[in-house]
1. Expressed as a whole number of Å, what is the distance separating the alpha-carbon centroids of region 415-430 and region 105-173?
2. So for the chain, averaging the separation of alpha carbon pairs under 8 Å that are six or more residues apart and normalising by length, what relative contact order in percent results?
3. Amide H neighbours of Gly329 under 5 Å, counting only residues 5+ apart in sequence or on other chains, H built in-plane at 1.01 Å?
4. Can you give the % of DSSP beta bridges in the chain that are antiparallel, to the nearest 5?
5. What is the local net charge at Ser235, summed over the other residues whose Cβ is closer than 10 Å to its Cβ (Lys, Arg +1; Asp, Glu -1)?
6. How about region 355-430: which GluC sites (Glu not before Pro) there lie in a loop by DSSP and see at most 16 other Cβ atoms within 10 Å?
7. Please give the per residue accessible area of region 315-363, computed with a probe of 1.4 Å over protein heavy atoms only, in Å².
8. Would you calculate a helix-derived [θ] at 222 nm for the chain, using -39,500 (n - 2.57) for each DSSP H run of n ≥ 4 and dividing by the full residue count, to the nearest 500?
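The values are calculated or read from the model by the stated rules, or taken from the named source; none is laboratory data. The structure displayed is predicted, hence computed values, not measured ones. Cβ sites come from the backbone with ideal geometry, for glycine too, and all protein chains shown count toward neighbours. Heads up: the accessible areas ignore ligands, DNA and RNA and are worked out on the full protein's heavy atoms, side chains in. Shrake-Rupley method; radii C 1.70, N 1.55, O 1.52, S 1.80 Å.
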Amino acid sequence: MDALKIRHASAMPAPTWSWLRMNDTTISIPAGLVPGGMLDIDAGEELTSTSASFEDAVVALQERLDASHDGAPDSRACVAGARSGAQDGGDAGLGDLDIPALSSYQRKATIEEVAADVAAAFETGVGTDTRSYLNFLAGSTVVLAAKQGASERASIHLKGVSGEAASASVDAIAQENATLDLAISLDGVSDGEDARDGSSGLIGSELRVFAGPRSHVNITVYVTADDGFTVIDDSGFVLDEGARVTVRHVVLGGGMTATGLAADLRGDTARIDIDTRYLAAGADVRDFNYVVRHRGRKTISEIMANGVLAGTSKKVLRGTIDLVHGCKGSEGTERETVLLASQGVDNKTVPTILCDEDDVAGNHGATIGHVRPDQLFYLESRGVSPEAAEGLFMRAKLEDAFISAPDDIIRDNVCRLGSKLFADFEEDLA
């Protein structure tokens, strides 16, 4: 396989602060990788033997939305500006002072909003090019569908091998009042101890989730690959009325990881909670991109991230909450806590809130800091060196991930990764 660069991946919907070079990222896929990897799916027959599909679920939602639309024309000035700009090449507002001039982003967002096309608006966090590549690499898509009122559980384990590129493509559908718990493991073991540039292999996961009316969907993704792997975790969600979705991302390994999630809270009172825990050591690179679009009324989202950066690692987290016109009574919150365990790390946190509605709430905040000198002094006075103190914070993150792992396979992966960093890690867990 030839070398490949996926440019403008994990892009923010509304670019800002371009001089900081963090609006998007470039994912490098090294040459020489061959398709491979080992995929194991543990799911009941009720989940896998189904004629349901993600596309059919979206069509059914679209029909209900169209039926509930009153058909009244949208007379807002921004709509006139967007339509005028689409017709005359973007010179809206020059001839009529009642028609505002819009940026390219505003025009695109307004046209998409008026169209109210669920399928056309669907997106994933890392982006279209990455989604196409991962689906091509996977070859076929696994469909897991929880029937109306059912409660189902499944796990997917993808193990990468040095010299290979592996991907899993999954569609998860939870029908009305159903509950679906899905655990995904992205793991890989490098041949070389010092391969930190992603040249050992690539592991990817492409996930589409449809949460039907009043359904409950819980997604847990663990990344425990050695630092010779590039790992891409890409997902997109559509939430119907009253749906509840919980997503837990635990990113502990991989030389370069790209984690992206986009959610369309289309139905009224839908809610998504995103909990991200990460660890980066050595020269690891962590890239996160979360986009939550509030379109239904009284929808709620929470993006919570907590991580430890050590060595000379780098991390970017982009979190965008988009409060679209019409989502009255909605609330979005994003918060991050980052511990910089050493002086050589590079951290960028970009919380963004877009708003086109008045009766809404958007909250964001970040707590970022180094270990305080007085804390280091306290530890040193008791015989703990600065290097050992850094290790304490890393071990705590690994131990928490071990304890809360959803199955024994993932727990063993965490243990293997921890033992590479700390010789006595497994003994301390006993």
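1. 34 Å
2. 11 percent
3. Lys298, Asp359, Val360
4. Given both bridge residues lie in the chain, the antiparallel proportion sits at roughly 5 percent.
5. Local charge sum for Ser235: -1.
6. Hits after loop and neighbour filter: Glu357.
7. That works out to 37 Å² for each residue.
8. Helix contribution divided over all residues of the chain: -7000 deg cm²/dmol.
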